[in-house]
1. May I ask you to list the residues in the range A:63-95 that are more than 14 Å from chain B (Cβ to nearest Cβ), of a type outside the set (Phe, Trp, Tyr) and closer than 15 Å to residue A:180 by Cβ?
2. Among the residues of the range A:1-58, what is the count of those that are surrounded by 15 or more Cβ atoms within 10 Å (Cβ to Cβ), within 14 Å of chain B (Cβ to nearest Cβ) and modelled with pLDDT of 70 or more?
3. Could you say whether any residue in the range A:130-153 is closer than 19 Å to residue A:194 by Cα and surrounded by 13 or more Cβ atoms within 10 Å (Cβ to Cβ)?
4. Need the failing condition index for residue A:151 against (1) farther than 27 Å from residue A:30 by Cβ; (2) touching a residue at least 24 places away in the same chain (Cβ under 8 Å), just the number.
5. Condition first: more than 13 Å from residue A:96 (Cα to Cα) and in contact (Cβ under 8 Å) with a residue 12 or more places away in the chain. Now tell me which residues in the range A:120-144 satisfy that.
6. I'm trying to understand the selection: among the residues of the range A:155-195, which are of a type in the set (Lys, Arg) and in contact (Cβ under 8 Å) with a residue 40 or more places away in the chain?
7. Where residues in the range B:53-105 are at pLDDT 70 or above and not in a helix (DSSP H, G or I), which of them is nearest to the other protein chains (Cβ to nearest Cβ)?
Amino acid sequence: MTRTQAVCLAALATLVLGGVYFTRTGHAPAGQPKLVELKASPLSTLQAGFNRESGKLRVILLLSPTCPTCLEGASAVEDVLKRHPDSKIVVFAVWEPMLSTDWSKPGTGPLQRLSDSRVQQFWDADHTVAAALAVTEEATQLHPSCCKRRGVLWDLIAAYPAGAMWSSTVPRPVFFDGTMVQSAAGLEGLVNNAK
Amino acid sequence: MRVSERFAPVAAVMSAFGALACCLPFGIAGAMGALGLSVFFERMRPWLIGFAFVLLAVGVFQMVRRQKSCQKRSRFSIALLVFCAAIVLSILLFPQQVASLMADLDLRGAR
């Protein structure tokens with residue numbers, strides 16, 4: 001084996017090992033529960049969590065872990081949370097595979113973009129949450145001017161007032177728009193009032 | 001100016017590019033192009049990433065096989081191959097890290 005071949009082989013091995021390291025299941029930030037896989041645990045996990053926090057403003061985010069705009073949106077929502085540390089709010093960040101590069105669960109990097117302790121993060125491989133939101137979208141005639149790819153909702157913020165309950169369908173949101181990076185400013189008014 | 005006079009400099013440039021293409025594995029340039037396009041043409045992304053991978057393999061094959069007219073492997077070609085391979089593999093193996101980097105660079109619309 002020549003020196004060049006050895007260097008190329010070592011570089012390739014480093015890349016593969018690095019890939020394995022970086023794409024293992026990410027760690028949720030300190031103060032948050034572990035990333036919940038909705039494939040392993042049914043949608044009712046999220047539904048129960050949503051109803052348990054019925055005294056607070058609740059926000060559902062739909063994001064893709066390899067979409068730069070979604071990641072920017074996650075950071076924008078995190079900034080809103082940081083500016084309102086006393087607001088009674090729970091954010092359910094639902095990561096879903098939307099792009100061809102979304103072949104693994106969100107790693108530590110994407111999860112750390114939403115580091116506030118009021119955030120709970122989920123991996124929804126089957127788009128069950130997006131499908132549940134789409135039913136409400138149809139029923140309530142709320143059609144955001146964005147945020148659908150091949151019929152699946154993504155890069156979206158949906159906010160629900162205190163008292164709203166998720167029974168057979170998701171309740172009507174008070175805010176339903178995207179992209180997240182563009183809609184974070186609209187969310188801020190609601191977060192500010194949720195004290 | 002005659003037509004032949006106009007044509008001569010253009011032909012010279014084309015032959016220069018032809019010579020370069022002989023020594024420089026075209027697959028590498030193609031791989032970079034396909035990968036770059038994949039950032040902006042979201043619907044075709046899976047195909048373009050696959051195409052980039054195939055072109056990279058062609059580039060490696062060209063490099064290893066060596067063409068008769070290019071007796072020496074240039075260091076530039078090898079460096080370019082390693083650089084392009086690193087970018088293509090990074091996107092395939094670390095898509096979340098690349099997306100994070102793009103988000104931090106504020107490349108809106110790249111989704």
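The values are calculated or read from the model by the stated rules, or taken from the named source; none is laboratory data. None of the values given here were measured: they were computed from a predicted structure. Using ideal geometry, Cβ is built from the backbone for each residue, glycine included, and neighbour counts are taken over all protein chains shown.
1. Hits for the range A:63-95 are A:80, A:81, A:91, A:93, A:94.
2. Residues meeting the conditions: 2.
3. no
4. Of the numbered conditions (1) farther than 27 Å from residue A:30 by Cβ; (2) touching a residue at least 24 places away in the same chain (Cβ under 8 Å), the odd one out for residue A:151 is (2).
5. A:120, A:132, A:133, A:134, A:135, A:136, A:137, A:139, A:140, A:142, A:144
6. Of everything in the range A:155-195, just one residue is of a type in the set (Lys, Arg) and in contact (Cβ under 8 Å) with a residue 40 or more places away in the chain, namely A:195.
7. Checking each candidate, the answer is B:94.
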